[in-house]
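To keep things clear, I will list the structure first and then write my remarks on it.
The values are calculated or read from the model by the stated rules, or taken from the named source; none is laboratory data. Computed from a prediction, not measured in an experiment: that's the story for all the values here. Cβ placement follows ideal geometry from the backbone for every residue including glycine, while neighbour counts extend to all protein chains displayed. The protein model used for the area step is the full one, side chains on, heavy atoms only, and it has no ligands, DNA or RNA in it. Shrake-Rupley method; radii C 1.70, N 1.55, O 1.52, S 1.80 Å.
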Amino acid sequence: MKEIVIISGKGGTGKTSITASFAMLGGKDIVVADCDVDAADMHLLMQPDWERSEDFYSGVLAEVDQEKCVKCGNCADVCRFSAIPIIDKKYVVNKLNCEGCGYCFHVCPTDAITMKEQNVGKWYISNTKADNVLVHARLGIGAENSGKLVAKVKNEAKRIAKETGKQFIVADGSPGIGCPVVSSLSGADFVVLVTEPTVSGLHDLKRVYQLVKKFNISAGCIINKADLNTKVARQIEEFLREENIIHISDLPYDETFTKAMTNGQTIVEYDDANLKNILVNSWEKIK
Amino acid sequence: MKIAIASGKGGTGKTTLAVNLASFLAESRKVVLCDLDVEEPNSGLFIKGNLIHREDKFKMIPEWEKEKCTLCGHCQKVCNFHAVIQLGDQIMVFPELCHSCYACSELCPVDALSMIPQKMGELKQFKKGGLSFVESRLDIGQEQAVPLIAQTLEYIDKNFDDDFIKLFDAPPGTSCPVIEATKDADFVILITEPTPFGLHDLTLAVDTMRELEKNFGVIVNRHGIGNNDVLSFCQKKNIPVISKLPNDRRIAELYSRGSLIYQKMPEFKKQLVNIADYLLKLQEEGIR
């Protein structure tokens, strides 16, 4: 089983459109995982049937029982996150500030604080129009632990792939270099970096690749909108050569991306010419 | 006045708007732009100012002192993040999992875990004409953006008084880094594109802002592509649409080179003038 993760550093370079195309092309040979849990969009193109859904619990938040509270203030004193302000002469937990460390719980003399497990989102297993299974999720508003939800999505995808004897897992990652990205990279066999020839595209590619290197995973790169700025595109190619990253393909600046999306379709369904050919060849190289 | 520029979806034009609006406003007012997308900070590629200050930023993590430790195991028990683990006669600390809550350190009966600073990133301040620019970047391998964002906001509060218009370029998404970057803002601009992905992620961002009880408005970027669903959504939900930025390949080309757009494209500048007027009016009315 080969686990392929698609990331970009910078957002909006075309990761999801490209991943969804691979999901179509891979068809029943693959399991798809949408690891961009805090802005998951893959389902908009894959017509999932939402067959199974489960709540995801992770992490805890403090809660003060006002009847037991003797207002000693120990909890507020030890909290490093200013999460227990006094409101109307009561110690009340500010949920957005609370990190769930539990320090307050340990210093409360009257056991007035409980640490409550949090429902931070939902995850789903769906059958898609591409005749494969999509594992996806939705993180709750402002929830923490997106890294853990990513791990859950990936582990479910792995389990399904193993049980049903699938060859590939194709995972759509999130932008950035923080915990959800780290979580989506862990255990991957190959990384596809989707970039664009803009100063920020190149800058973010370099940063996210430093992270990929720490994981020792081999990588390939797709340059989207390659004709937007040929000078920066050449700088990207140079970077790929220096770092031994496979240059998988170039896609042109093309509003077909948007048109396909607006139609609820992947590019390989919407376009039967140039873009489709490039993506078919890219998928052949990647797998 | 603090204004955060956020979006659910990445790549919808946060940085484009932030750098152009900040530069434009700085022509007539005191402005500080702060890049809070500490994982992938990009504003600096467009604001090529003079570096006037840099400092390392640290988070506090426990350090184990073997000689003092009695291996009672209390540290492991109180750490909710599995950042302190006892393995045989060793206490292992995993800094990337640590949230700097101090519980292990201060609850240790023999003071065997003292808190020491660990570098997580760096902050730089630049000046370009009337515009001040502050950016922080997270070190590669550090997983938590929130502590660095919080410290960067403290730096802004300390160094720039209320005469400044403070613009924050926020990270994408709707999870904890976005909350941190927007929670102190007086007004939040959500920038989106009129596509299904744009709409879907805007919906999440709107829910987040409502949860935070923020004043916010929407700017539609690349107006003309996709469909009208974003505009209908805003109308239905009574969300002000502050501006529609045109879809134009020339904008993408200017952006790709790291150039400011309003100086070369009057139609883009016209929209910036409208946005600036909108924000200045909010300021006069004293929104909070």
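Exceeding 20 Å between C-alpha atoms, which entries from my cross-link table qualify? They are A:Lys15/A:Lys287; A:Lys10/B:Lys158; A:Lys206/B:Lys183.
Working: A:Lys15/A:Lys287 17 Å; A:Lys10/B:Lys158 30 Å; A:Lys206/B:Lys183 30 Å.
In this structure, A:Lys10/B:Lys158; A:Lys206/B:Lys183 lie more than 20 Å apart at Cα.
Taking B:Thr15, B:Thr182, B:Thr195 as the candidate residues, the one with maximal mean-square fluctuation in a Gaussian network model of chain B, Cα springs under 10 Å, is B:Thr195. Summarising the amide proton neighbourhood of B:Gly121: residues at separation of 5 or more, or on other chains, whose placed amide H is nearer than 5 Å comprise B:Lys57, B:Asp139.
Ordered by packing density, taken as the mean number of other Cβ atoms within 10 Å over each peptide's residues, highest first, how do A:219-226, A:242-249 rank? Let's see the in-between values first.
Values: A:219-226: 22.9, A:242-249: 15.2.
The peptides rank, most packed first, as A:219-226, A:242-249.
The mean number of partner chain beta-carbon atoms within 10 angstrom of a residue's beta-carbon across peptide A:77-85 is 2. The C-alpha atoms of chain B define a longest principal axis, and helix B:14-25 lies at about 70 degrees to it.
Could you do me a favour and compute the accessible area per residue for the protein assembly as shown, 1.4 Å probe, result in Å²? Before the final figure, lay out the partial values.
Numbers: 23160 Å² over 575 residues.
Per-residue value: 40 Å².
Evaluated on the stretch B:187-288, the Kirkwood hydrodynamic radius is 14.6 Å, with distances taken between all distinct Cα atoms. Here is the list for the stretch A:40-87: chymotrypsin sites (Phe, Trp or Tyr not before Pro) lying in DSSP coil, each with at most 15 other C-beta atoms within 10 angstrom of its C-beta, are A:Trp50. Against chain A, whose longest principal axis comes from its Cα atoms, helix A:230-242 is set at around 80 degrees. For chain A, the percent of C-alpha pairs falling in each 5 Å distance bin, counted from 0 to the bin holding the largest distance, reads 1, 6, 12, 14, 15, 13, 10, 8, 6, 6, 5, 3, 2, 0, 0.
If I take all pairs of Cα atoms in the stretch B:1-44, what percentage of them are more than 13 Å from each other?
Details: 524 of 946 pairs.
Cα-Cα pairs in the stretch B:1-44 separated by more than 13 Å: 55 percent.
Count neighbours as other Cβ atoms within 10 Å of each site's Cβ, and list the GluC sites (Glu not before Pro) in the stretch B:201-270 that are DSSP loop with at most 11 such neighbours. Loop-located and lightly packed - B:Glu213. Kirkwood hydrodynamic radius of the stretch A:59-166, from the reciprocal of the average inverse Cα-Cα distance over all distinct pairs: 16.3 Å. In the stretch B:66-111, Rg over Rh equals 0.92, where Rg is the alpha-carbon radius of gyration and Rh the Kirkwood radius from pairwise Cα distances. Just A:Ser146, A:Ser200, A:Ser58 to compare: in a GNM of chain A, with alpha carbon springs under 10 Å, which one fluctuates most? Maximum fluctuation in the GNM of chain A, among the listed residues, is at A:Ser200.
For B:Asp37, the shell of other residues with beta-carbons less than 12 Å away shows a net charge of -3, using +1 for Lys and Arg and -1 for Asp and Glu.
Counting Cβ atoms of other protein chains within 10 Å of each Cβ in A:98-110 and taking the mean gives 4.
Using a 1.4 Å probe over protein heavy atoms, the accessible area lost on pairing A with B, summed over both chains, comes to approximately 4900 Å². For the stretch A:156-196, the Kirkwood hydrodynamic radius comes to 11.7 Å, computed from all pairs of different C-alpha atoms. Legend: translational diffusion of the stretch B:1-152 by Stokes-Einstein, Rh = Kirkwood radius over C-alpha pairs, 4 °C, 1.567 mPa s; D = 73 µm²/s.
Shielding by partners for peptide B:5-12, expressed as the average number of C-beta atoms from other protein chains within 10 Å of each residue's C-beta, is 5.
Normalised Debye scattering of chain B at q = 0.10, 0.15 Å⁻¹ gives log10 I(q)/I(0) of -0.59, -1.08, counting only Cα atoms as equal scatterers and leaving out solvent.
Restricting to DSSP H runs of at least four residues, report the calculated mean residue ellipticity at 222 nm for chain B, -39500 (n - 2.57) per run over all residues, nearest 500 deg cm²/dmol. Before the final figure, lay out the partial values.
Details: 9 runs with 96 residues, N = 288.
Mean residue ellipticity, 222 nm, calculated: -10000 deg cm²/dmol.
Only helices enter this figure: runs of n ≥ 4 DSSP H residues, each worth -39500 (n - 2.57), summed and divided by the residues of chain A, yield -10500 deg cm²/dmol at 222 nm to the nearest 500. For the stretch B:39-69, applying the loop criterion from DSSP together with a ceiling of 14 other beta carbons within 10 Å to the GluC sites (Glu not before Pro) yields B:Glu65, B:Glu67. Taking max minus min of the alpha-carbon positions on each principal axis, the protein assembly as shown gives extents of 70, 64, 48 Å, largest first. The convex hull built on the alpha-carbon positions of the stretch A:58-119 has an orientation-averaged projected area of 3.9 nm². With the convex hull of its Cα atoms as the shape, the stretch B:109-166 has an orientation-averaged projected area of 6.1 nm². Relative to the longest principal axis of the Cα atoms of chain A, the long axis of helix A:274-286 lies at roughly 70 degrees. By the rule of a C-alpha distance below 17 Å, with chain neighbours fewer than 8 residues away ignored, the lysines paired with A:Lys148 are A:Lys122, A:Lys158.
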